[in-house]
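The values are calculated or read from the model by the stated rules, or taken from the named source; none is laboratory data. Just so it is clear, the model here is predicted, and its values are computed rather than measured. Methodologically, a virtual Cβ is constructed for each residue, glycine included, from the backbone with ideal geometry; neighbour enumeration extends over all protein chains shown.
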Amino acid sequence: MTATVEVSRSPRQYPAFWYLWLKYVTGFDPSQHCLPCLLGAQSGRVRLDMPARRPILLDEAKGRYLYLCGGLEVYEKNLHVAMELAEGEVFAVRAANGATFMFRGLRRLEIPPLQKGFCGLSPKFTTCRNFQFGMAMFGDRRRRINGSSI
């Protein structure tokens, strides 16, 4: 199955991006939040200096799920795109700073929010969309965090 991403302009041309990464997600570590909670290989191709208007092949690692994150100056406007491999599907996402990403061979997935205080966790965990995605896809009710089942 072939999956690609293409960006309208070089991410470096969008000064509000502080970082941009894509991960091939194969698991989840609920003791972490942000990038470390999503287990798997990080793309070497999807980054701030990736070329514009050229499809980037997403075949660097195995994994059913992929996750794109772009950090912006205003945290609430960060770009978060969770997706899974899906032959023939196409979708586009426009970041708050105007960057448009076109994905082929992937289906966008919802990132369901967690309730405030979920399992006694701090907002650093419960508001982190990476953590929310990990819980949605890999949450294991037999594991425990802070004495509570997840």
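A few points about this structure:
- Single residue of the range 128-150 satisfying the filter (touching a Cys at 6+ places or on another chain (Cβ under 9 Å) and modelled with pLDDT under 95) that is nearest to Met83 (Cα to Cα): Ile150
- Selection from the range 33-57 of residues that are at negative phi and in contact (Cβ under 8 Å) with a residue 40 or more places away in the chain: His33, Leu35, Cys37, Leu38, Val46, Met50, Pro51, Ala52, Arg54, Pro55, Ile56, Leu57
- The condition (being without any contact (Cβ under 8 Å) to a residue 12 or more places away in the chain and surrounded by fewer than 16 Cβ atoms within 10 Å (Cβ to Cβ)) is satisfied by just one residue among Glu60, Glu76: Glu76.
- Any chance Cys69 is over 18 Å from Leu106 (Cα atoms) and surrounded by 14 or more Cβ atoms within 10 Å (Cβ to Cβ): no
- Residue within the range 84-95 that is within 13 Å of Val5 (Cα to Cα) and touching a Pro at 6+ places or on another chain (Cβ under 9 Å) present: no
- In the range 80-110, the residues that are under 17 Å from Tyr24 (Cβ atoms), buried (at least 20 other Cβ atoms within 10 Å of the Cβ) and in contact with a Phe, Trp or Tyr (Cβ under 6 Å, 6 or more places away or on another chain): Ala82, Phe103
- If only residues of the range 14-34 that are of a type in the set (Ser, Thr, Tyr) and either touching a Lys or Arg at 6+ places or on another chain (Cβ under 6 Å) or buried (at least 19 other Cβ atoms within 10 Å of the Cβ) (or both) are counted, the one that is nearest to Leu66 (Cα to Cα) is Tyr24.
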